[in-house]
Amino acid sequence: MSSATATLDVINPATEKPIAHLDRAGIEETDRAVAAARAAFPAWRAVKPADRARLLRRVAALVEQHGEELARLETSNVGKPLADSRWEMGMVADVFHFYAGAVDKHYGDTIPVAGGVDMTFREPLGVVGLIVPWNFPLMLASWKLGPALACGNTVVLKPAELTPLTALRFADIALEAGLPEGVVNVVVGPGSVAGERLIAHADVAKIGFTGSTEVGRRVMEGAAQTIKRVTLELGGKSANVVFADADLEKAATSAPGAVFGNAGQDCCARSRILVQKSVYDRFTALLNDATRRFRVGDPEADGTDMGPLISASHRKLVSSFVEGPTMFKGDVPSGPGFWFPCTLVEASNSDRVAREEVFGPVAAVIAFEDEADAVRIANDTPFGLSGSVWTRDSARALRFARSVDTGVISINSNTSVRVATPFGGFKQSGFGRELGMAAMDGYSEIKNVFPSTDA
Ligand code: NAD
């Protein structure tokens, strides 16, 4: 059985310099983490609800207290602008505040039946494996940790190998907050070893997975062996739909952030910009101007909107989507760093750039005729995660929102995530919901108890 096989060099993508050297976990380390989580489970599920809430509130307070340190760590590891990392750490704290409040509001039902009373309880699952990607490392982990811990589960968190630093720091914070040893375990190892082991392990009751659709498929297949529960938050190819009657200035000013934010490495990236033909020239002129103003550079400098991509190999993949002419191509800093320019490409919805998830700062701009055409194009994708519609016609906005097969859609806005509201995909963007009270369903089982009232 393999154990820690090699050292892992963690790189800052803006400098290409190593910032940490870690041992890579293998099967033995993963098994040890699962055993620790299993041993901690009975006591953790028995913690009084008010006390469990108090502990999660303390986690939230410590994340706030260490927010700047965590934000700087995230920026150095992912290359995202510091302002973005600060916002994400704020959300991490808010997630723990929310789920601290959820612990004693996760009710069961009483159901009228003959011969007795029927009642339901929400039971924790046991040990849950949480596998997360590199684009929003701690924030996405918190979306799983919050509800999993609130429901009384213990966890093994496997961060992406490229970005493990905030997850490791979080494990210390959880202990400092007073969570018992073994409740939160972090395993830094390859997906093909540590991840696969979590999926196969008989003592892991559920996998909460965020990542690519390809690996999500693999998670689902593997989970079938032990009938594990799975939540899959996968890829996206979201449409940002601009009708002729929209506030075009506002839609154009907002569009670059919605696709180039986090250097496009965002599952909610509005990477297909659909524009009604009658305003196509005017809107694309505004869009080009707004994209020109999107500042690419040192993630630690004030005012930076976009940093580098995560790695050299990822940059190579992103480049493969931009081999022909472009409508707009921005500038990037010279010197080290995995930079890629903000890029707009005129496309039809059948082009590769409009069909596959680029996961980089590349947007496909697509013209449409009318509402029916916009709905057809928006839905012509295997994904269904997010999206936006811009129009001043509120009836059309709602009609459109109901017609698009997507888990989240915003009207005259490009925002997708809020702590209190459900987030997740339709179609091959996955299933199960994170955030809000909906996430509590994914980390608990309903138990039905029937006490007879017969004399
Ligand atoms: P990835 O699927 O390559 O990896 C995600 C995680 O899975 C990593 O921790 C990785 O180590 C692990 N993994 C890889 N192979 C595995 C295996 N065989 N078994 C178990 N675990 C394995 O994704 P990525 O490149 O890190 O992230 C980018 C992808 O994540 C994009 O497709 C993006 O859309 C998606 N994403 C989705 C959401 C969402 O909420 N829907 C959010 C962020 C990112």
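Descriptive notes on the structure:
- Selected residue (only one of E181, E161, E176 is surrounded by fewer than 24 Cβ atoms within 10 Å (Cβ to Cβ), more than 10 Å from the ligand (Cβ to nearest atom), in a loop (DSSP other than H, G, I, E, B) and not hydrophobic (A, V, I, L, M, F, W, C)): E181
- When G126 is tested against (1) open to solvent by less than 10 Å² (accessible area, probe 1.4 Å); (2) near the ligand (Cβ under 9 Å from one of its atoms), exactly one condition is not met: (2).
- Residue that is least open to solvent (accessible area, probe 1.4 Å), among those in region 439-455 that are out of contact with any strand residue (DSSP E or B) (no Cβ under 8 Å at 6 or more places or on another chain) and more than 21 Å from E88 (Cβ to Cβ): D441
- Among the residues of region 315-348, those identified as of a type in the set (S, T, N, Q), away from the ligand (no atom under 16 Å from the Cβ), over 15 Å from A269 (Cβ atoms) and not in a helix (DSSP H, G or I) are T326, S334, S348.
- From the list G189, G195, G146, the one residue that fits, being of a type outside the set (V, I, T), within 19 Å of R45 (Cβ to Cβ) and either within 15 Å of the ligand (Cβ to nearest atom) or at pLDDT 95 or above (or both), is G146.
- Test: residue in region 7-28 that is in a helix (DSSP H, G or I) and either over 30 Å from M306 (Cα atoms) or of a type in the set (A, V, I, L, M, F, W, C) (or both): yes
- Taken over region 266-303, the criterion of being more than 18 Å from F340 (Cβ to Cβ), open to solvent by less than 30 Å² (accessible area, probe 1.4 Å) and either of a type in the set (G, A, S) or touching a Lys or Arg at 6+ places or on another chain (Cβ under 9 Å) (or both) is satisfied by R272, A290.
- Selection status of E74, assigned to a helix (DSSP H, G or I), among the acidic types (D, E) and either open to solvent by 40 Å² or more (accessible area, probe 1.4 Å) or over 26 Å from P336 (Cα atoms) (or both): no
- Restricting attention to region 404-421, the residues being assigned to a loop (DSSP other than H, G, I, E, B) and either within 12 Å of the ligand (Cβ to nearest atom) or among the hydrophobic types (A, V, I, L, M, F, W, C) (or both) number 9.
- Residue that is farthest from G384 (Cα to Cα), among those in region 220-235 that are open to solvent by less than 60 Å² (accessible area, probe 1.4 Å) and in contact with an Asp or Glu (Cβ under 9 Å, 6 or more places away or on another chain): G222
- Residue within region 248-262 that is touching a residue at least 24 places away in the same chain (Cβ under 8 Å), hydroxyl-bearing (S, T, Y), open to solvent by less than 20 Å² (accessible area, probe 1.4 Å) and part of a helix (DSSP H, G or I) present: no
- The set of residues in region 96-143 that are among the aromatic types (F, W, Y) and part of a strand (DSSP E or B) contains only F121.
- Of all residues in region 316-327, those satisfying the criterion of being modelled with pLDDT of 95 or more and either over 28 Å from the mean Cα position of the chain (by Cα) or under 20 Å from E300 (Cβ atoms) (or both) are P325, T326, M327.
- Among the residues making up region 270-314, those that are touching a residue at least 24 places away in the same chain (Cβ under 8 Å), within 16 Å of the ligand (Cβ to nearest atom) and either touching a strand residue (DSSP E or B) at 6+ places or on another chain (Cβ under 8 Å) or outside any loop (DSSP other than H, G, I, E, B) (or both) are R270, S271, R272, S311, A312, H314.
- In summary, L168 fulfils each of the numbered conditions (1) within 16 Å of the ligand (Cβ to nearest atom); (2) surrounded by fewer than 18 Cβ atoms within 10 Å (Cβ to Cβ); (3) more than 24 Å from A93 (Cα to Cα) with the single exception of condition (3).
- Search result, residues across region 203-246 that are part of a loop (DSSP other than H, G, I, E, B), among the polar types (S, T, N, Q) and more than 15 Å from the ligand (Cβ to nearest atom): none
- Residue within region 273-292 that is among the aromatic types (F, W, Y) and touching a Cys at 6+ places or on another chain (Cβ under 9 Å) present: no
- In region 16-39, the residues that are touching a helix residue (DSSP H, G or I) at 6+ places or on another chain (Cβ under 6 Å) and buried (at least 20 other Cβ atoms within 10 Å of the Cβ): A25, G26, T30
- Residues within region 435-454 that are in contact with a Ser or Thr (Cβ under 7 Å, 6 or more places away or on another chain) and either free of Cβ contacts under 8 Å to residues at least 40 places away in the same chain or within 16 Å of the ligand (Cβ to nearest atom) (or both), tallied: 3
- Checking P13, P42, P49 one by one, the residue that is open to solvent by 30 Å² or more (accessible area, probe 1.4 Å) and touching a residue at least 12 places away in the same chain (Cβ under 8 Å) is P49 and no other.
The values are calculated or read from the model by the stated rules, or taken from the named source; none is laboratory data. A quick note: this is a predicted structure, and the numbers were derived from the prediction, not measured. When we count neighbours, we look across all protein chains shown, and the Cβ atoms used for this are built from the backbone with ideal geometry, even at glycine. All accessible areas refer to the heavy atoms of the entire protein, side chains included, with ligands and DNA or RNA removed. Shrake-Rupley method; radii C 1.70, N 1.55, O 1.52, S 1.80 Å.
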